[in-house]
Amino acid sequence: MISDQFGRTKVSMQVSLLSIRQAESGDLSERNRQMGGTNPYIEQAEYELPKTSYAVTFIHPDGRSTTVEVNPEKIPHGPTGLPGSLLDIAMGHGVDLEHVCGGVCACSTCHVIVKQGLETCNEGTDDEYDQLDEAPMTTLQSRLGCQCVPNGTKDIVVEIPAVNKNLVREGH
């Protein structure tokens, strides 16, 4: 079997190249567009999408806050994170929230702390909590933004921690 310096096999390199060509040409199948926020190798999170509008307040590392109104009819906002997740909401409203893995529960850079309204969010999976073990400054209210989906029954407040394990962005 042929592999490159990263350990990828010839078949996986061909699939990657095909995906890049499809993305560049705009020829992505519906299945490929829906893959954002999913990882076929982990337990899939169960969640309930909101039925009514609600507000999410993001507290940034510098102390300022941004409040966004979530309209359930506009979910998902994009292909990053689970539909309706805090990462999906942040990305859809221009709030900067790290997500090195693309929102598929494969890193902990989208770590957030749900200060109010945690009870309205879906239950975390073992895989999410395994990733949170790698995040600095976790609390009992810590979640991955890509996996945490509020049901919209209450407004929520989310703190974006000042540090994460994205060493490239942090200048290391």
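Readers should treat all values here as calculations from the given coordinates under stated rules, not as data from a laboratory. Predicted model only: the values in this text are computed from it and were never measured. Backbone-built Cβ (ideal geometry, glycine too); neighbour counts: all protein chains shown.
A few notes on this one:
- Cα centroid separation, region 110-139 to region 61-106 (Å): 15 Å
- Inter-site label distance for Thr153 and Leu140 at 7 Å from Cα along Cβ, in nm: 2.0 nm
- From least to most packed, judged by other beta carbons within 10 angstrom and beginning with the fewest, Leu144, Leu87, Leu118 follow the order Leu118, Leu87, Leu144.
- Residues Asp133 and Thr57, FRET efficiency given R0 of 45 Å [Cβ-Cβ distance, rounded to 0.05]: 0.95
- In this rough spin-label picture, where each label sits 7 Å from Cα along the Cβ direction, the Gln44-Ala162 distance is 4.0 nm.
- A crude spin-label estimate for the pair Asp126 and Thr66, with each label 7 Å from Cα along the Cβ direction, gives 3.6 nm.
- Cβ crowding within 10 Å, taken as a proxy for footprinting-reagent exposure, orders Tyr129, Tyr41 from fewest neighbours to most as Tyr41, Tyr129.
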